[in-house]
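For reference, the structure is listed below as structure tokens.
The values are calculated or read from the model by the stated rules, or taken from the named source; none is laboratory data. None of the values given here were measured: they were computed from a predicted structure. Positions of Cβ are backbone-derived with ideal geometry, glycine not excepted, and every protein chain shown enters the neighbour counts.
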Amino acid sequence: MSDAVEVKTLIIDEQEVSARRGQTILEVARENDINIPTLCHLDGLGDVGACRLCLVEIKGSNKLLPACVATVYEGMEVSTNTERLRRYRRNILELLFAERNHTCAVCVSNGHCELQTMAQEQGLTHVRLPYRNPELAVDASHERFTLDHNRCILCTRCVRVCAEIEGAHIWDLMGRGEACTVISDLHEEWGKSACTRCGKCVQVCPTGALFDKSKVGSDQPKNPDFLPYLNLMREAR
Amino acid sequence: MTIEELDQIAEATRAEYAKYDQEINVCMGTGCLSQHSDQLKDALAKQVEAQGKNVFVRRTGCMGLCAAGPLVLVDPDEILYQQAHEKHAEAIVKSLGGEPIKELQCDLREHFDQQVHVVLENSGVIDPEKIDDYIAHDGYRALLTALSDMTPNGVIRQVTESGLRGRGGGGYPTGLKWGTVAKATGDIKYVICNGDEGDPGAFMDRSVLESDPQRVIEGMAIAAYAVGASRGYIYVRAEYPLAVARLQASLRDARRRGLLGNNIGNTPFSFDVEIRLGAGAFVCGEETALIASIEGRRGMPKPRPPYPAVSGLWGKPTLINNVETFANIAPIIRKGGKWFAGMGSDRSKGTKVFALTGKITNTGLVEVPMGISLRQIIEVIGGGVPDGHKFKAVQTGGPSGGCLPESMLDIGVSYDALLKVGSIMGSGGMIVMDDTSCMVNVAKFFIEFCMTESCGKCIPCRAGTAQLHALLSKICAGNGTMEDLELIEDLCDTVKNSSLCGLGQTAPNPVLSTLKYFRNEYIDHILHKRCTAGVCNMKAEEEVPA
């Protein structure tokens, strides 16, 4: 078998599609205009399979697989939008909204927040769970940007973009469970860290957790689309 | 080192011990050491000298009956003394050859007779810090036989034939796992021993590592030969200092004897093992998190596939098995896969070590054939619930196992049977609860454990366990509603099915199983503001007459 014939055919939501070997379910679905919701995934960054919104059902398996990392195989039958999956997605979003202090009305990202949009798309109308109301800090020590932990959903896009694309790796995680937080350097103020001030983390942040101080109130949507382009340019070089 | 040399060492060691009339074995596992069995051993040695007796005093590993420690076994008369202390040393030595001391004697025939020791065959018998003791008990014979007389594939066939399944909890067929790693391509392969035993109330792996460390090293070396690996890691909890010290000493001794290192047994096979210490994270028992931890990264699980067998430590094919799994290997190679498959039940072969804790008379370590009923383990071997209390539930499989009621006690212990009734085999923790335990509170306790040990990577586990804990706390405080119960069930379903790793996927088990078998207790708490076990402190209790 040569490379030329390594094409797989599979079924996603009753639609027959073809894919190259090694492609993820998510890639193939999006090529065919099948929408699978994601939060931690971002084109151009390595995948971690953490948000669990992209879980899909595979016929013949009782385990749900994250579409962002699960690769296709011949004859696979994928369901991306069953009632069960929709319920899990709503529950996961509900867990996120109740976990920290997401107050859309006063958020810099109101109107262009991926979490907010996702909740609307998934038909989340209210939160049944008690709000956790944790006391969290805001790090405004950086001259250009601010980190508001209240709005962080721990998707780790900032960690990955800084490590994988910028190569500075100033962001990482600290603590376990609910106490898990994003930190800069060895838990120092962002302003005093080795940050290169490139602003990539701000652009990829899906919520208002990371924002540009100069653009507050100016209704500036974030633009993470530079990543695939950047990767392509680097590969071409 | 060749088999002939091994035989010579074994002969010499046995001849050395044969010089003595009698042997006094003193348990020096962590349990008995905490009761100062080291002082007892010194005192016994002094008394033997003072009384001029020809007796050997030996340090051994765990004898199993930890609650009755320190334990002393006099051979060849097989007299077991319990709760023996320094002050008893003189009397014990005096009684040798005469009548045993009645007050100290421990007569628990039922406890021992029902057990079958494979993993624990040397525990409490050999000195864990002497490699020659291990060799005198057929140690390293399996490794050298495998190296000289068997192909790697032949080793895997024996393991497959034995029907051994992973003892860390997953129950994945060991032979199949070995075969996968053997087939994987890579310039270097690794073997990892998972000794990150983090379940509350579980101490099987600790005891094996403390009592018979060479057995685990031999198992790893055989595995390395079978899959084509050249380097091994033992990942142990830093909370097990004695196990770590004995492992370090054992690795050094094995290298000196030429049983680790280059060209083992004068064959081209080379293998060495390093120890890596855990830093106290429960989730690092999950294989991908453990691998991340060895690599020096934050211990967080990764989605599988790719499985470690294909891409594990530093992206290389990696075989990762639990301590107890490796401890089973040498006997399987020595006696054959068929012998092992002759024990146990239909799809769960061999024996399993359980750590019996909680409200049970004979707290300690037991090894039983698979398929034996829970009732036999708890009532016969464990001696039942003490102090006239009534048995209520047993939790198998650690913090993410289910709580099973009396009516379930007659099921045979096997991977599949336990899964069917809403629990898991887990690594072998077995916590017995009596009528003084409130099952809602128990569920709350275990979900709290999972909540604080969640790594925080995936949302269902991180936020879901926290919400479950809050809801259960609300019920325990007498403020719960029937709607909360529905919400708990919905959340449990989400956490169980959408979490990334085993921690989250099994975290709801204690809640789901108590809801299934002890629902009336939840309803009592919610509707009648009553905790029958008297554990939960409910403010509203006086206002609502029961």
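Of the candidates B:136, B:142, B:223, B:146, the single residue that is surrounded by 24 or more Cβ atoms within 10 Å (Cβ to Cβ) and touching a Lys or Arg at 6+ places or on another chain (Cβ under 6 Å) is B:142. I'd like to know if the range B:404-427 contains one or more residues that are within 12 Å of another protein chain (Cβ to nearest Cβ), of a type outside the set (Lys, Arg), part of a helix (DSSP H, G or I) and farther than 15 Å from residue B:358 by Cα. The answer is no; no qualifying residue exists. With respect to the conditions (1) within 14 Å of chain B (Cβ to nearest Cβ); (2) under 21 Å from the mean Cα position of the chain (by Cα), residue A:103 falls short on a single one, namely (1).
Quick one: would you say residue A:78 is over 19 Å from residue A:157 (Cβ atoms) and in contact with a Phe, Trp or Tyr (Cβ under 6 Å, 6 or more places away or on another chain)? Answer is no for this residue. Inspection of the range A:92-100 identifies no residue that is among the aliphatic types (A, V, I, L, M), at pLDDT 95 or above, over 21 Å from residue B:460 (Cβ atoms) and not in a loop (DSSP other than H, G, I, E, B). Contact map, the range B:477-489: first residue in the same structural domain as residue B:535 (by TED's automatic domain parsing), second residue of a type in the set (Ser, Thr, Tyr) and surrounded by 15 or more Cβ atoms within 10 Å (Cβ to Cβ), Cβ cut-off under 8 Å, separation 6 or more or different chains; pairs are B:480/B:522; B:485/B:522.
Conditions (1) among the hydroxyl-bearing types (Ser, Thr, Tyr); (2) surrounded by 20 or more Cβ atoms within 10 Å (Cβ to Cβ); (3) more than 28 Å from residue A:202 (Cα to Cα), marked per residue:
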{"site": "A:75", "(1), (2), (3)": "no, no, yes"}
{"site": "A:88", "(1), (2), (3)": "yes, yes, yes"}
{"site": "A:91", "(1), (2), (3)": "no, yes, no"}
{"site": "A:96", "(1), (2), (3)": "no, yes, no"}
{"site": "A:108", "(1), (2), (3)": "no, yes, no"}
{"site": "A:111", "(1), (2), (3)": "no, no, no"}
{"site": "A:123", "(1), (2), (3)": "no, no, no"}
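Return the only residue of B:466, B:470 being within 14 Å of chain A (Cβ to nearest Cβ), more than 25 Å from residue B:168 (Cα to Cα), in a helix (DSSP H, G or I) and free of Cβ contacts under 8 Å to residues at least 12 places away in the same chain.
Values: B:466 fails: free of Cβ contacts under 8 Å to residues at least 12 places away in the same chain.
Result: B:470 is the single residue among B:466, B:470 that is within 14 Å of chain A (Cβ to nearest Cβ), more than 25 Å from residue B:168 (Cα to Cα), in a helix (DSSP H, G or I) and free of Cβ contacts under 8 Å to residues at least 12 places away in the same chain.
Taking the range B:428-463, which residues are at the interface with chain A (Cβ under 7 Å from one of its Cβ atoms) and either assigned to a helix (DSSP H, G or I) or touching a Ser or Thr at 6+ places or on another chain (Cβ under 7 Å) (or both)?
Taking the range B:428-463 first, the residues at the interface with chain A (Cβ under 7 Å from one of its Cβ atoms) are B:451-460, B:462-463.
Those that are at the interface with chain A (Cβ under 7 Å from one of its Cβ atoms) and either assigned to a helix (DSSP H, G or I) or touching a Ser or Thr at 6+ places or on another chain (Cβ under 7 Å) (or both): B:451, B:452, B:453, B:454, B:458, B:459, B:460, B:462, B:463.
So, of the residues in the range A:177-199 that are of a type in the set (Gly, Ala, Ser) and either out of contact with any helix residue (DSSP H, G or I) (no Cβ under 6 Å at 6 or more places or on another chain) or closer than 28 Å to residue A:226 by Cα (or both), which turns out to be nearest to the other protein chains (Cβ to nearest Cβ)? So, considering only residues that are of a type in the set (Gly, Ala, Ser) and either out of contact with any helix residue (DSSP H, G or I) (no Cβ under 6 Å at 6 or more places or on another chain) or closer than 28 Å to residue A:226 by Cα (or both), the one nearest to the other protein chains (Cβ to nearest Cβ) is A:179.
Of the residues examined, residue B:391 is one that is in contact with an Asp or Glu (Cβ under 7 Å, 6 or more places away or on another chain), hydrophobic (A, V, I, L, M, F, W, C), farther than 30 Å from residue B:277 by Cα and more than 14 Å from every other protein chain (Cβ to nearest Cβ).
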